[in-house]
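Colleague: To start, I am sharing the structure in question, which I have written as structure tokens.
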């Protein structure tokens, strides 16, 4: 099965989409983003920054991942979001990248982030968390 990108989605050619990834309408995928096999990106999703998403994740409508942290000390340095395999991220969730240079916001495997959740900079969400 091949990767599908809706015609209205904007996917940077430098991004890395694995096999069987589906990108929904009006979603935007940035240049430093890597998305694992079988992940489904819903409509109107923004994924930017240095973001890695694992395999078989489902990302709902309006989710925002990898944007700069809400931290007044943030200096604009490179930082990351790492999301494991099999996660369900429901609509309008936000996940910010780390606030210090080379720092990480991490989400484990098989988590369920409910609608309107916010995962702040430098947080770690362990495997199986609901």
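The values are calculated or read from the model by the stated rules, or taken from the named source; none is laboratory data. Everything numeric in this text was worked out from a predicted model, so none of it was measured. Please note: Cβ atoms are built from the backbone with ideal geometry, for glycine as well, and neighbour counts cover all protein chains shown.
Colleague: Looking only at segment 24-71, count every residue that is within 17 Å of residue 102 (Cα to Cα) and not in a strand (DSSP E or B) and tell me the total.
Modeller: Of the residues in segment 24-71, 8 are within 17 Å of residue 102 (Cα to Cα) and not in a strand (DSSP E or B).
Colleague: Give segment 74-87 a look and list any residue that's surrounded by fewer than 16 Cβ atoms within 10 Å (Cβ to Cβ) and closer than 14 Å to residue 108 by Cα, or say none.
Modeller: Answer for segment 74-87, where residues must be surrounded by fewer than 16 Cβ atoms within 10 Å (Cβ to Cβ) and closer than 14 Å to residue 108 by Cα: there is none.
Colleague: Can you pull out the residues in segment 4-26 that are touching a strand residue (DSSP E or B) at 6+ places or on another chain (Cβ under 6 Å), farther than 16 Å from residue 82 by Cα and crowded, with 16+ Cβ neighbours inside 10 Å?
Modeller: 5, 9, 11, 21, 22, 23, 24
Colleague: Residue by residue through segment 80-102, note down the ones that are in contact with a strand residue (DSSP E or B) (Cβ under 7 Å, 6 or more places away or on another chain) and under 13 Å from residue 49 (Cβ atoms).
Modeller: Within segment 80-102, 80, 81, 82, 83, 94, 95, 96, 97, 98 qualify.
Colleague: Please tell me if residue 29 is under 19 Å from residue 105 (Cα atoms), touching a strand residue (DSSP E or B) at 6+ places or on another chain (Cβ under 7 Å), surrounded by 16 or more Cβ atoms within 10 Å (Cβ to Cβ) and at pLDDT 95 or above.
Modeller: For residue 29, the condition - under 19 Å from residue 105 (Cα atoms), touching a strand residue (DSSP E or B) at 6+ places or on another chain (Cβ under 7 Å), surrounded by 16 or more Cβ atoms within 10 Å (Cβ to Cβ) and at pLDDT 95 or above - is met.
Colleague: Quick one: residue 105 ticks every box in (1) under 13 Å from the mean Cα position of the chain (by Cα); (2) surrounded by fewer than 16 Cβ atoms within 10 Å (Cβ to Cβ) except a single one, so which number is it?
Modeller: Unmet for residue 105, out of (1) under 13 Å from the mean Cα position of the chain (by Cα); (2) surrounded by fewer than 16 Cβ atoms within 10 Å (Cβ to Cβ): (2).
Colleague: While we're looking at this one, here's another question. If you check residue 121 against the conditions, is it over 30 Å from residue 1 (Cβ atoms), at pLDDT 95 or above, crowded, with 19+ Cβ neighbours inside 10 Å and over 11 Å from the mean Cα position of the chain (by Cα)?
Modeller: yes
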